[in-house]
1. Please state which one of Arg150, Arg164, Arg168, Arg145 is part of a helix (DSSP H, G or I), touching a residue at least 24 places away in the same chain (Cβ under 8 Å) and either among the basic types (Lys, Arg) or touching a Cys at 6+ places or on another chain (Cβ under 6 Å) (or both).
2. Restricting attention to region 6-20, report how many residues are more than 19 Å from the chain's Cα centre (by Cα) and touching a residue at least 40 places away in the same chain (Cβ under 8 Å).
Amino acid sequence: MRVEPSRLDRLLKPLHRWVWADPGRRARKLLRFAETEADGARDLARAAELTRDPLLRRLYFRHSEDEQRHADLFASRGRDLLAAQSSGGRFEANWLAPGERGLDDLRIEQEADDSLLAFLHLSENAAAGRFTVYAEVLDADPQTRAVFKRILEDEVFHMTYTRRQLARLSPRKQGLRLWQARAGRVWSAYLRAAAALAAVLGHLFLALQYFLLLPAFALLARRAARKEAEGLSASRHPTPMTSQY
């Protein structure tokens with residue numbers, strides 16, 4: 001099965017090149033990818049335990065082993081890059097250059113085999129397209145490019161087996177399962193974008209409060225201080241002892 005990056009990833013290729021240009025940011029993104037791949041390996045191992053299909057069980061276990069190997073490759077290269085860098089930009093741009101989403105959008109125990117295969121196929125297809133673009137923009141880092149190309153070989157197998165097994169299990173509903181999985185991915189992408197936008201707006205509102213409201217309160221406090229009499233204020237008259245007040 002041929003890997004084709006999406007039109008959006010092709011259009012964003014100059015932006016991807018900028019994101020991956022900084023070695024420190026590149027290292028942190030690889031380490032984040034390693035965490036995602038390791039999470040996916042655990043979820044796939046769980047899926048292998050739950051399925052009743054012997055063939056799927058073997059394929060899920062192999063897929064899990066591949067994901068763990070990808071995690072090790074990403075982590076090793078990320079640590080090497082970090083060791084060679086003393087400092088770097090902290091902006092990672094994860095939403096601009098994401099890795100593989102893994103199975104964080106699914107609850108394995110609640111998914112049937114066909115719906116899980118549809119989700120996996122779309123996820124692997126999207127990840128393979130992005131990894132292809134990442135490999136293309138890493139001209140200055142042939143070692144990291146080699147990591148992505150090695151992982152892409154496994155991604156092609158993952159795309160192929162998930163599509164074939166989906167056709168085997170649901171020959172009449174495979175199109176529907178893919179449509180449902182695609183709709184779920186769109187909804188999850190919307191939720192991630194909304195959360196990112198909310199975080200940006202929250203930081204913006206806090207900054208506006210700091211630069212606009214605090215100076216106004218400081219000015220009011222300064223004006224109130226000018227109205228206060230200088231020196232110590234006069235003491236109150238002593239309270240007569242004939243009253244409890």
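FYI, it's all coordinate maths here, none of it is from the lab. Quick caveat: nothing in here was measured; it's all calculated off a predicted structure. Here Cβ is always computed from backbone atoms with ideal geometry, including for glycine, and neighbour counts include all displayed protein chains.
1. Arg150
2. Residues in region 6-20 being more than 19 Å from the chain's Cα centre (by Cα) and touching a residue at least 40 places away in the same chain (Cβ under 8 Å): 1 in total.
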